[in-house]
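Visitor: Take this structure, written in C-alpha coordinates, and hold onto it; I'll ask about it next.
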Amino acid sequence: MITTATKTLSDYASNVPGAVEVFEEFGLDYCCGGGQMLDQACKTMGLTVDEVLTKISQAEENKKAKSEFIDWSKESLTNLVNYILTTHHIYTKREIEQLPKLLTKVIIAHAENHPELKKLDQILQALVDDLSQHMMKEEQVLFPYITALEKSKAQSEKLPIACFGTVQNPIRVMMFEHDTAGDLLRKMRLVTNDYIIPTDVCPSFRSLYQRLQDLEQDLHKHIHLENNILFPQVIGLESKIFSKV
(Lines give C-alpha, C1' and ligand atoms only; values in the text may rest on other atoms or scores of the structure.)
Protein backbone atom coordinates (compact mmCIF):
# COMPACT_ATOMS: atom_id res chain seq x y z
CA MET A 1 0.00 0.00 0.00
CA ILE A 2 1.07 3.62 -0.57
CA THR A 3 1.64 4.85 2.98
CA THR A 4 2.90 8.40 2.54
CA ALA A 5 0.62 11.37 3.02
CA THR A 6 2.40 13.24 0.23
CA LYS A 7 1.02 10.97 -2.51
CA THR A 8 -1.87 12.35 -4.54
CA LEU A 9 -5.48 11.29 -4.22
CA SER A 10 -5.31 9.85 -7.73
CA ASP A 11 -2.28 7.73 -6.71
CA TYR A 12 -4.39 6.07 -4.03
CA ALA A 13 -7.53 5.82 -6.17
CA SER A 14 -5.57 4.24 -9.04
CA ASN A 15 -3.42 1.81 -7.03
CA VAL A 16 -5.11 0.90 -3.74
CA PRO A 17 -8.19 -1.35 -3.57
CA GLY A 18 -10.97 0.31 -1.60
CA ALA A 19 -9.43 3.80 -1.60
CA VAL A 20 -12.15 5.22 -3.85
CA GLU A 21 -14.88 4.15 -1.42
CA VAL A 22 -12.97 5.77 1.47
CA PHE A 23 -12.63 9.02 -0.45
CA GLU A 24 -16.35 8.97 -1.21
CA GLU A 25 -17.08 8.47 2.49
CA PHE A 26 -14.94 11.46 3.49
CA GLY A 27 -15.93 13.66 0.56
CA LEU A 28 -12.39 13.87 -0.84
CA ASP A 29 -12.29 14.90 -4.50
CA TYR A 30 -10.16 12.23 -6.18
CA CYS A 31 -11.53 12.80 -9.71
CA CYS A 32 -11.33 16.45 -10.80
CA GLY A 33 -9.12 17.16 -7.78
CA GLY A 34 -7.06 13.99 -8.08
CA GLY A 35 -3.81 15.94 -8.28
CA GLN A 36 -4.13 17.09 -4.66
CA MET A 37 -1.71 15.62 -2.12
CA LEU A 38 -3.52 13.58 0.51
CA ASP A 39 -2.26 15.70 3.40
CA GLN A 40 -3.42 18.95 1.77
CA ALA A 41 -6.78 17.48 0.79
CA CYS A 42 -7.33 16.28 4.36
CA LYS A 43 -6.40 19.69 5.76
CA THR A 44 -8.88 21.40 3.44
CA MET A 45 -11.68 19.06 4.58
CA GLY A 46 -10.77 19.29 8.27
CA LEU A 47 -9.67 15.65 8.41
CA THR A 48 -6.58 14.04 9.87
CA VAL A 49 -4.31 12.08 7.56
CA ASP A 50 -4.10 9.24 10.09
CA GLU A 51 -7.85 8.61 10.14
CA VAL A 52 -8.03 8.52 6.35
CA LEU A 53 -4.96 6.28 6.00
CA THR A 54 -6.35 3.93 8.65
CA LYS A 55 -9.60 3.62 6.71
CA ILE A 56 -7.71 3.05 3.46
CA SER A 57 -5.60 0.35 5.09
CA GLN A 58 -8.74 -1.38 6.38
CA ALA A 59 -10.39 -1.14 2.96
CA GLU A 60 -7.31 -2.54 1.25
CA GLU A 61 -7.50 -5.67 3.41
CA ASN A 62 -11.08 -6.31 2.34
CA LYS A 63 -11.09 -9.42 0.14
CA LYS A 64 -14.00 -8.17 -1.94
CA ALA A 65 -12.24 -4.88 -2.64
CA LYS A 66 -9.13 -6.77 -3.72
CA SER A 67 -11.02 -9.14 -5.98
CA GLU A 68 -12.94 -6.34 -7.69
CA PHE A 69 -10.01 -3.95 -8.08
CA ILE A 70 -8.51 -3.46 -11.55
CA ASP A 71 -5.28 -1.53 -12.02
CA TRP A 72 -6.31 0.29 -15.18
CA SER A 73 -2.90 1.90 -15.55
CA LYS A 74 -1.62 -1.54 -16.61
CA GLU A 75 -4.39 -2.21 -19.14
CA SER A 76 -4.45 -1.11 -22.75
CA LEU A 77 -6.06 2.20 -23.60
CA THR A 78 -8.55 0.34 -25.79
CA ASN A 79 -9.63 -1.87 -22.89
CA LEU A 80 -10.04 1.17 -20.66
CA VAL A 81 -12.06 3.04 -23.30
CA ASN A 82 -14.32 0.02 -23.78
CA TYR A 83 -14.82 -0.26 -20.02
CA ILE A 84 -15.77 3.41 -19.75
CA LEU A 85 -18.23 3.04 -22.63
CA THR A 86 -19.88 -0.19 -21.51
CA THR A 87 -19.95 0.58 -17.80
CA HIS A 88 -20.07 4.31 -17.14
CA HIS A 89 -21.54 5.70 -20.36
CA ILE A 90 -24.37 3.17 -20.51
CA TYR A 91 -25.25 3.76 -16.85
CA THR A 92 -25.05 7.55 -17.13
CA LYS A 93 -27.22 7.66 -20.25
CA ARG A 94 -29.90 5.59 -18.55
CA GLU A 95 -29.91 7.73 -15.43
CA ILE A 96 -29.93 11.10 -17.15
CA GLU A 97 -32.90 9.93 -19.19
CA GLN A 98 -34.89 8.59 -16.22
CA LEU A 99 -33.99 10.93 -13.36
CA PRO A 100 -35.59 14.11 -14.80
CA LYS A 101 -38.87 12.19 -15.18
CA LEU A 102 -38.66 10.96 -11.60
CA LEU A 103 -37.85 14.45 -10.36
CA THR A 104 -40.88 15.86 -12.22
CA LYS A 105 -43.07 13.31 -10.46
CA VAL A 106 -41.58 14.26 -7.09
CA ILE A 107 -42.00 17.98 -7.78
CA ILE A 108 -45.71 17.50 -8.47
CA ALA A 109 -46.15 15.71 -5.16
CA HIS A 110 -43.80 17.67 -2.89
CA ALA A 111 -42.82 21.07 -4.33
CA GLU A 112 -45.23 22.95 -2.05
CA ASN A 113 -43.42 21.74 1.08
CA HIS A 114 -40.01 21.39 -0.56
CA PRO A 115 -39.31 24.38 -2.82
CA GLU A 116 -35.67 23.27 -3.13
CA LEU A 117 -36.87 20.68 -5.64
CA LYS A 118 -37.37 23.34 -8.33
CA LYS A 119 -33.80 24.54 -7.88
CA LEU A 120 -32.65 20.92 -8.03
CA ASP A 121 -34.57 20.52 -11.29
CA GLN A 122 -32.64 23.42 -12.88
CA ILE A 123 -29.27 22.02 -11.79
CA LEU A 124 -30.12 18.49 -12.90
CA GLN A 125 -31.22 19.68 -16.33
CA ALA A 126 -27.94 21.56 -16.76
CA LEU A 127 -26.06 18.39 -15.80
CA VAL A 128 -28.11 16.30 -18.24
CA ASP A 129 -27.45 18.73 -21.09
CA ASP A 130 -23.73 18.90 -20.36
CA LEU A 131 -23.25 15.15 -19.99
CA SER A 132 -25.21 14.35 -23.15
CA GLN A 133 -23.02 16.58 -25.29
CA HIS A 134 -19.86 15.53 -23.47
CA MET A 135 -20.35 11.80 -23.95
CA MET A 136 -21.32 12.28 -27.60
CA LYS A 137 -18.02 14.08 -28.28
CA GLU A 138 -16.07 11.36 -26.54
CA GLU A 139 -17.84 8.57 -28.41
CA GLN A 140 -17.72 10.17 -31.85
CA VAL A 141 -14.35 11.94 -31.79
CA LEU A 142 -11.95 11.38 -28.90
CA PHE A 143 -12.35 7.71 -28.09
CA PRO A 144 -12.14 6.48 -31.70
CA TYR A 145 -8.93 8.48 -32.08
CA ILE A 146 -7.45 6.97 -28.91
CA THR A 147 -8.13 3.40 -30.00
CA ALA A 148 -6.87 4.09 -33.54
CA LEU A 149 -3.72 5.69 -32.17
CA GLU A 150 -2.96 2.71 -29.98
CA LYS A 151 -3.66 0.31 -32.86
CA SER A 152 -1.38 2.24 -35.21
CA LYS A 153 1.49 1.94 -32.75
CA ALA A 154 0.92 -1.75 -32.03
CA GLN A 155 0.62 -2.73 -35.68
CA SER A 156 2.93 -0.11 -37.21
CA GLU A 157 0.04 1.23 -39.28
CA LYS A 158 -0.56 4.70 -40.67
CA LEU A 159 -1.35 7.22 -37.95
CA PRO A 160 -5.01 8.29 -37.64
CA ILE A 161 -5.97 11.66 -39.05
CA ALA A 162 -7.18 14.08 -36.41
CA CYS A 163 -9.25 17.19 -37.06
CA PHE A 164 -8.12 18.72 -33.75
CA GLY A 165 -4.32 18.69 -34.04
CA THR A 166 -2.79 17.23 -30.92
CA VAL A 167 -4.98 15.11 -28.64
CA GLN A 168 -4.22 17.58 -25.87
CA ASN A 169 -6.77 19.95 -27.42
CA PRO A 170 -9.92 17.80 -27.03
CA ILE A 171 -8.62 16.49 -23.69
CA ARG A 172 -8.36 20.05 -22.41
CA VAL A 173 -12.01 20.57 -23.37
CA MET A 174 -13.08 17.28 -21.78
CA MET A 175 -11.34 18.14 -18.51
CA PHE A 176 -12.97 21.58 -18.45
CA GLU A 177 -16.35 19.91 -18.93
CA HIS A 178 -15.52 17.46 -16.13
CA ASP A 179 -14.93 20.45 -13.86
CA THR A 180 -18.31 21.84 -14.89
CA ALA A 181 -20.01 18.53 -14.08
CA GLY A 182 -18.22 18.42 -10.73
CA ASP A 183 -19.47 21.91 -9.89
CA LEU A 184 -23.05 20.92 -10.74
CA LEU A 185 -22.79 17.79 -8.57
CA ARG A 186 -21.62 19.93 -5.66
CA LYS A 187 -24.54 22.34 -6.20
CA MET A 188 -26.96 19.40 -6.19
CA ARG A 189 -25.51 18.14 -2.94
CA LEU A 190 -25.78 21.62 -1.44
CA VAL A 191 -29.40 22.21 -2.47
CA THR A 192 -30.45 18.76 -1.19
CA ASN A 193 -28.68 19.27 2.15
CA ASP A 194 -26.31 16.37 1.43
CA TYR A 195 -29.24 14.23 0.29
CA ILE A 196 -30.72 14.01 3.76
CA ILE A 197 -34.21 12.60 3.19
CA PRO A 198 -37.03 14.61 4.83
CA THR A 199 -39.45 12.73 7.07
CA ASP A 200 -42.60 13.76 5.19
CA VAL A 201 -41.85 12.30 1.76
CA CYS A 202 -42.91 9.36 -0.38
CA PRO A 203 -40.88 6.41 -1.70
CA SER A 204 -40.34 8.20 -5.03
CA PHE A 205 -38.63 11.08 -3.23
CA ARG A 206 -36.41 8.63 -1.36
CA SER A 207 -35.57 6.82 -4.59
CA LEU A 208 -34.71 10.10 -6.29
CA TYR A 209 -32.19 11.11 -3.65
CA GLN A 210 -30.60 7.68 -3.57
CA ARG A 211 -30.24 7.50 -7.33
CA LEU A 212 -28.77 11.00 -7.49
CA GLN A 213 -26.15 9.96 -4.95
CA ASP A 214 -25.43 6.80 -6.93
CA LEU A 215 -25.02 8.87 -10.10
CA GLU A 216 -22.68 11.24 -8.28
CA GLN A 217 -20.44 8.39 -7.10
CA ASP A 218 -20.40 6.76 -10.53
CA LEU A 219 -19.45 10.05 -12.18
CA HIS A 220 -16.62 10.50 -9.70
CA LYS A 221 -15.21 7.09 -10.68
CA HIS A 222 -15.87 7.79 -14.37
CA ILE A 223 -14.06 11.13 -14.31
CA HIS A 224 -11.19 9.70 -12.27
CA LEU A 225 -10.53 7.02 -14.90
CA GLU A 226 -10.41 9.62 -17.65
CA ASN A 227 -8.62 12.53 -15.93
CA ASN A 228 -6.07 10.55 -13.98
CA ILE A 229 -5.41 7.46 -16.10
CA LEU A 230 -6.71 7.57 -19.68
CA PHE A 231 -5.86 11.15 -20.61
CA PRO A 232 -2.28 11.27 -19.25
CA GLN A 233 -1.49 7.95 -20.92
CA VAL A 234 -2.82 8.90 -24.34
CA ILE A 235 -0.97 12.22 -24.23
CA GLY A 236 2.20 10.29 -23.44
CA LEU A 237 1.54 7.78 -26.22
CA GLU A 238 0.91 10.47 -28.81
CA SER A 239 4.05 12.30 -27.73
CA LYS A 240 6.18 9.16 -28.14
CA ILE A 241 4.73 8.37 -31.55
CA PHE A 242 5.17 11.84 -33.00
CA SER A 243 8.66 12.23 -31.57
CA LYS A 244 9.67 9.37 -33.86
CA VAL A 245 7.90 10.59 -36.96
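Visitor: Give the value in nm², to one decimal: projected area of the alpha carbon convex hull of the chain, averaged over all directions.
Guide: The directionally averaged projection comes out at 14.8 nm².
Visitor: Students often get this wrong, so check it: of Lys119/Lys187; Lys7/Lys187; Lys151/Lys221; Lys7/Lys43; Lys43/Lys187, which have C-alpha atoms separated by over 19 Å?
Guide: Lys7/Lys187; Lys151/Lys221; Lys43/Lys187
Visitor: If exposed GluC sites (Glu not before Pro) are those in a DSSP loop with at most 16 other Cβ within 10 Å, what is the longest stretch of the chain that has none?
Guide: Free of exposed loop sites, the longest segment is 158-245.
Visitor: Using the heavy atoms of the protein chains alone and a 1.4 angstrom probe, what is the accessible area of segment 151-245 per residue in square angstrom?
Guide: Heavy-atom SASA per residue in segment 151-245 reads 54 Å².
Visitor: I've got another one for you. Restricting the calculation to Cα positions, tell me the Rg (one decimal) and the Dmax (whole number) of segment 41-120 in Å.
Guide: Values for segment 41-120 (Cα only, Rg and Dmax): 20.0, 52 Å.
Visitor: So how strong a dipole does segment 86-223 carry about its Cα centre when Lys and Arg Cβ are +1 and Asp and Glu Cβ are -1, to the nearest 20 debye?
Guide: Using Cβ point charges on Lys, Arg, Asp and Glu, segment 86-223 gives about 220 debye.
Visitor: Toward the positive end of the charge dipole of segment 16-81, about the Cα centre and with charges on Cβ (Lys, Arg +1; Asp, Glu -1), which of Val52, Cys31, Ser76 goes farthest?
Guide: Ser76
Visitor: Quick check: Cα centre of segment 89-127 to Cα centre of segment 16-41, how many Å?
Guide: 27
Visitor: Kindly point out which whole DSSP H helices in the chain project their C-alpha atoms 20 angstrom or further along the helix axis while averaging a Kyte-Doolittle hydropathy of -1.0 or above.
Guide: Span-like helices in the chain: 90-110, 116-137, 168-191.
Visitor: Let me check against my output: what whole-number percent is the relative contact order of the chain, with C-alpha pairs under 8 Å and at least 6 apart?
Guide: 26
Visitor: Can you tell which of Tyr12, Gln155, Pro232 lies farthest toward the positive end of the dipole of the chain, using +1 and -1 charges on the Cβ of basic and acidic side chains (Lys, Arg; Asp, Glu)?
Guide: Gln155
Visitor: Could you check how much of the accessible area of segment 71-199 is carbon and sulfur, as a whole percent, using a 1.4 Å probe?
Guide: So the carbon and sulfur contribution to the accessible surface is 55 percent.
Visitor: Further, regarding this structure: Below 8 Å between Cα atoms, with a sequence gap of 6+, how large is the relative contact order for segment 1-65 in percent?
Guide: 41
Visitor: Compute the distance from the alpha-carbon center of segment 185-216 to that of segment 47-88, in whole Å.
Guide: For segment 185-216 versus segment 47-88, the Cα centre distance is 26 Å.
Visitor: Now a separate question. For every helix of n ≥ 4 consecutive DSSP H residues, a contribution of -39,500 (n - 2.57) applies; sum these over the chain, divide by its total residues, and give [θ] at 222 nm rounded to the nearest 500 deg cm²/dmol.
Guide: My calculation for the chain gives -21000 deg cm²/dmol from helical runs alone.
The values are calculated or read from the model by the stated rules, or taken from the named source; none is laboratory data. Everything numeric here is computed off the predicted structure, so don't read it as measured data. Don't worry about glycine lacking a Cβ; one is built from the backbone with ideal geometry, like all the others, and counts go over all protein chains shown. SASA here: full protein model, heavy atoms, side chains in, ligands and nucleic acids out. Shrake-Rupley method; radii C 1.70, N 1.55, O 1.52, S 1.80 Å.
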